[in-house]
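**Student:** Pasting a structure below so you can have a look.
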Amino acid sequence: MQVFYTYNGTDYHSEWEVRMAIQKNENKRLGEVDGKPSEFWPKNGVAYTERPDPEPTLDDLKEAKKTELEAVYLLWRNEAGYFTSSMGFRANGNSRAMMDIVGLDRVADKRPKAAITFRDYDNKYQQLTAEQVHILADEITAAANDGYRQKWGYEKAINEAADKNAIKGMKIEFKPADYSTQAEV
């Protein structure tokens, strides 16, 4: 709902603006709104009207959906993202996991024969070989790229939407990658 205060032929969009105009023109300060605004303002020479918000345009809806996409993507990328590893457990696929796996990958290079403890998405400890750490690092990178691919797909769908219903009906949800079907048998 939009509120308009019309004073001396000018529409004001906030109570503060109209109060400043009255103070400037009449050197008069108004007290607090006492009762209904629709009764208070006319007593002070102001037409008070409430109008419904204008219907958003297709471009407005596209911009709002792009903002929603960015928020959902950043949540997925920075916090909630995960994937299923080819080793059969779920692993974080967010930006923190990317940083952590770089460190584990370096440890694996320096200690190729040592078991390396990795804490998975479900907070279970996995004992990994150096080769498995390298695989996991590749999968985390692939999962991040998959997140980008999904984001770009949504961006394309938003940009190509031909009507408002297409935008309104669009649900943005990032799907975790699943590399378990790529496990070596």
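**Student:** Considering region 61-83 alone, what residues qualify as being small (Gly, Ala, Ser) and not in a helix (DSSP H, G or I)?
**Tutor:** Scanning region 61-83 gives a single hit, GLY81.
**Student:** Still on this model: Can you find a residue in region 62-73 that is loosely packed, with under 13 Cβ neighbours inside 10 Å, small (Gly, Ala, Ser) and more than 30 Å from ASP138 (Cβ to Cβ)?
**Tutor:** Checked against the condition, which is being loosely packed, with under 13 Cβ neighbours inside 10 Å, small (Gly, Ala, Ser) and more than 30 Å from ASP138 (Cβ to Cβ), region 62-73 yields no hits at all.
**Student:** Among the residues of region 74-83, write down those that are aromatic (Phe, Trp, Tyr) and either without any contact (Cβ under 8 Å) to a residue 24 or more places away in the chain or open to solvent by less than 30 Å² (accessible area, probe 1.4 Å) (or both).
**Tutor:** Of region 74-83, the ones aromatic (Phe, Trp, Tyr) are 76, 82-83.
Passing the criteria: only PHE83.
**Student:** Filtering region 1-49 down to residues that are touching a residue at least 40 places away in the same chain (Cβ under 8 Å) and part of a loop (DSSP other than H, G, I, E, B), which residue is least open to solvent (accessible area, probe 1.4 Å)?
**Tutor:** Selected residue: VAL46.
**Student:** Tell me, which helices (runs of 4 or more DSSP H) lie completely within region 84-185 with 3 or more residues that are open to solvent by less than 50 Å² (accessible area, probe 1.4 Å)?
**Tutor:** The qualifying helices (runs of 4 or more DSSP H) are 95-110, 130-160.
The values are calculated or read from the model by the stated rules, or taken from the named source; none is laboratory data. Being a predicted model, the structure only gives us computed values, none of them experimental. Please note: Cβ atoms are built from the backbone with ideal geometry, for glycine as well, and neighbour counts cover all protein chains shown. Heads up: the accessible areas ignore ligands, DNA and RNA and are worked out on the full protein's heavy atoms, side chains in. Shrake-Rupley method; radii C 1.70, N 1.55, O 1.52, S 1.80 Å.
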